Every structure is written in structure tokens, then in C-alpha cells.
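A short write-up of the structure that comes next.
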Amino acid sequence: MDWKQAIKEIQKAQEKNQLVIFVGSGVSNNSGIPTWWDLIKVIADEIGYDKCNSFKNRQEDCPRSECEERYEFSQDEYLRIPEYYFQQDASENHRQYYELIKNTLKNDEDSNPIDDEIFKILPHHIITTNYDALLEKSKNLNSKLYTVVSQDSDLLSKSDERYIIKMHGDLETPETIVLKESDYIDYEQKHTLISTFIRSLLVNHTFLFLGYSLNDYNLNLIIGWINYFKKFYNVKERPLNYMVSSEEPFEYEKMRLEDKNIYVIPLASLPEELIDNIDIPASFTNPLGEKLYSFLKCITDSQIYQKYIPLADILTEKYQVLKSYRKISVEDLLYTYSLGRTSIISTKLIFHDKEWYEKISDIID
């Protein structure tokens, strides 16, 4: 799907208060916090788990510490590696297991501009699989409108209109963390209210996924819920979902995701000059973060992305709300869509910006 069309649909969902933004570790990584994959590698090193012995072309003098191929784990292994560590941890209440997770992900940095821009969009709910507190640290005033939920009991005791749902727990309460295989297997039983609440949003909300890779197990868990929802309730039409990704899906993967109503927007599809039209914060250290920030800015500032859409198409869509009227006032016309600096003299609409006058003249002609 075209990135401009996706932004238009996301804006419509937000206007109806039916937008849910999912935040993955790729967003927190812009504040220097390791991703989910990086955490698994740390745990693998801790227990001495690698793929070295399974390589056919392995050499005896292989520089083990420099070889990234030793981390080429399967999806199952990414869940079982923390399970192995948990099982062999003999410390009281598995203190070492939780301390390793906390020490690896602990970060005193403030939220990054992507977190702030998410709040500027003002989605109905924000759901994150991250354990950190970056979202809560956001300086955007809209963050004060959200209540944090990290376990089922919070939904019962903190009734509110808008939530930040930390569906995989919080670093400050380690026992809530969902990471190892048994956590995922038992999720529906141990987090019944949270999982039921999220699935209820599938009925009429648009999901926007940020900071997830295409093979992320957390993403696939949500896809499983969407698939179950479609089959169990025989729902044929529901709002579309969008995933902003650093990767371009191959054709079969694209078909699989679109069958679940998830449309991938590759960051590479954004125009290169888009970043030039946006004031990018200096704190970004990688181009992917800059592009994701630019995409979100297009949602909060329509004038940015509308530079890539013909004005006639924009006016045709905006003026649909006036279609049923026989007569409209100039004030209503200008309120529906700003045409720059204008004034009214008698029955004439005066344009004070030459650029706007020429645009409108071209359309009228």
C-alpha cells in the first residue's frame, strides 16, 4: 500500500478515536536500549549457548567472539534460550535471571522524539511489548492523559479512557516480564484481562505497528489473535492494520500479512527529500529512526505529506462534507480547508499569497 494512502487512513482512524499504536523494541532502540533480539544474545552468552557446533564449514581457529553467525537462532530458540537460563538459575526467586534482564535493558535516558510524536498523534490506546519506561517519561503533555497498565489487576483498579498497556510487563516489577517460552504459553491464562481487552479492540480499531521486525514473535502473537478473531467470529471486513518496517517483505510474506489485514509500509518507500522538509532532532543517530520519525510527523502535520498529493485531490476529499448543501458560506469553505491568507471584499475572495492564488487558478482553469 502507498505510504500516503496509509497516512490518510491512519488519520481517519485517529479522528474517530479508533487508532491503537503498538510500540516495539525498535522504537526504544533510538534511546540506546537494546532490542529484544540483543537481549536474547546477552542471555545466550551468559549460558554459553551458540550455533558454532552446527556449522558445517566451522574452522578450528574461528574467532568466536567476532562471529555473528553464532547467533543465528530459530524462532523457537529465541523463546527457549531465556527458558534454559531460568531453569538453571538456582538463586532465590530466580533473582539472577531477572537482574540480568534489568541490567541489560536499564537505561536512564529520556524518551526519544519518536515517543513524543506518538503522544502527539493522540491514539486511543498505546500498547507496548517493551519493559522500559520511555513512554511514561515523554515530555509531551498528551502523555498525562494515559494510565499505565502492566498487569491484569491494573485494569481493574485504574479504569480510564486511555491506556499505555505494557502487555509484556515492566522492569520495575520483574515478575510481570514476559520473555521465555513458558511465559508465552501461559500468557492467556496469566493475563486474561489484558489479552481480552486487546482482542476486543480488533472489532473496530486500526492497529499501527512501530519498531517491529517482520519475523518478530511478538508481532506474530498479535497476528494469531487477528486470525482467531476472523475465524471464530467469521468477520470478513474490519479496519486495516499497518506496520511501518525497515524491511521490504517478500511477496509471499506480503500476501500472508495482507490476509490478516496488515499492510507493510517499508521506510525505504518514503521519498528521500521528505526528511529535508522536516526538522529532524539532532538526537537521532541512525537513518531508520529519522525515517520513522518523518513518517509520524506526516500524520501529525498534514501539510508535510500533502506536498506529495495533488491539491485538487485534497480539496475534493475535504469538501465532501459540504456536498449535501445547496449553498455554503465562504467562512465554511475556508474553515474546511485553509487556502492561505485570504480576505473577503463584497463577493470576492482575495488571496494574499501569490502561490496559493496560482494553485487555485490552475484547479479552476
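The values are calculated or read from the model by the stated rules, or taken from the named source; none is laboratory data. Owing to the predicted nature of the structure, the values given are computational and were not obtained by experimental measurement. Quick reminder, even Gly has a Cβ in these numbers, built from the backbone with ideal geometry, and neighbours come from all protein chains shown. The accessibility values were calculated without ligands, DNA or RNA, using every heavy atom of the protein model including side chains. Shrake-Rupley method; radii C 1.70, N 1.55, O 1.52, S 1.80 Å.
Couplings 3J(HN,Hα) of the stretch 300-315, computed from phi: 7, 10, 4, 5, 5, 6, 5, 5, 9, 10, x, 4, 4, 5, 5, 5 Hz, in residue order, whole Hz [Karplus 6.51 cos²θ - 1.76 cosθ + 1.60, θ = phi - 60°; x for Gly and Pro]. Each label was represented as a point 7 Å from its Cα along the Cα-to-Cβ direction; for residue 182 and residue 96 these points are 1.7 nm apart.
Computed with a 1.4 Å probe over protein heavy atoms only, the accessible surface of the chain comes to 54 Å² per residue.
State whether the stretch 148-270 is rounded, prolate or oblate according to the following rule on the C-alpha gyration tensor (a ≥ b ≥ c being the square roots of its eigenvalues): a/c under 1.5 gives rounded; otherwise a/b larger than b/c gives prolate, and the remaining case gives oblate. It comes out prolate by the Cα gyration axes. For the pair residue 42 and residue 341 in one chain, pulling the backbone fully straight at 0.36 nm per residue adds 101.9 nm over the alpha carbon distance. Comparing Cα centroids, the stretch 129-180 and the stretch 204-219 end up 17 angstrom apart.
For residue 359, a cut-off of 19 angstrom between C-alpha atoms picks up these aspartates and glutamates, skipping any fewer than 8 places away in its own chain: 313, 317. Over the stretch 240-316, Cα pairs under 8 Å with separation of 6+ residues give a relative contact order of 25 percent. Working from Cα pairs under 8 Å separated by at least six residues, relative contact order for the stretch 226-365 is 13 percent.
Each helix, a run of at least 4 DSSP H residues, gives -39500 (n - 2.57); summed and divided by the residues of the chain, these come to -12500 deg cm²/dmol at 222 nm. A cut-off under 12 angstrom between Cβ atoms defines the neighbours of residue 120, and their net charge, with Lys, Arg +1 and Asp, Glu -1, is -2.
Of the beta bridges in the chain, as assigned by DSSP with both residues counted there, near 20 percent are antiparallel.
Once the Cβ-Cβ distance of residue 361 and residue 273 is raised to the sixth power relative to R0 = 25 Å, the FRET efficiency obtained is 0.45. With the highest mean first, a sort of the peptides 202-208, 41-47 on other beta-carbon atoms found within 10 angstrom per residue produces 202-208, 41-47.
Over the chain, with every protein chain in place, what whole percent of the accessible area is carbon and sulfur at 1.4 Å, could you tell me? Carbon plus sulfur share of accessible area: 49 percent. Site pair residue 110 and residue 199 shows an inter-label distance of 4.1 nm when each label is modelled 7 Å from Cα along Cα→Cβ.
For the chain, averaging the sequence separation of C-alpha pairs within contact (under 8 Å, six or more residues apart) and dividing by the residue count gives a relative contact order of 18 percent. What the Cβ-Cβ distance of residue 192 and residue 220 gives, at R0 = 22 Å and to the nearest 0.05, is a FRET efficiency of 0.60.
With a Förster radius of 56 Å applied to the beta-carbon distance between residue 172 and residue 1, the computed FRET efficiency rounds to 0.90.
For the stretch 31-45, list residues with backbone N below 13 Å from a point placed 7 Å from the Cα of residue 148 toward its Cβ? The answer is none.
Note that the stretch 79-154 carries a Kirkwood radius of 14.8 Å, evaluated over its alpha carbons pair by pair. The overall shape of the stretch 110-179, judged from the alpha-carbon gyration tensor, is oblate: a/c is not under 1.5, and a/b is no greater than b/c. State which entries of 106/260; 51/260; 16/158; 120/307; 137/297; 12/102 exceed 30 angstrom in Cα-Cα distance in the structure shown. As for pairs spanning more than 30 Å Cα to Cα, those are 106/260; 51/260; 12/102. Between residue 280 and residue 256, the distance separating the two model label sites (each 7 Å from Cα on the Cα→Cβ line) works out to 3.2 nm.
Mean projected area of the Cα convex hull of the stretch 9-168, taken over all directions, amounts to 12.8 nm². If you compute Rg and Dmax of the Cα atoms in Å for the structure shown, which of [x] 33.1, 105; [y] 24.1, 89; [z] 22.1, 80 do you land on? Computing Rg and Dmax of the Cα atoms in Å and matching it to [x] 33.1, 105; [y] 24.1, 89; [z] 22.1, 80 gives [y].
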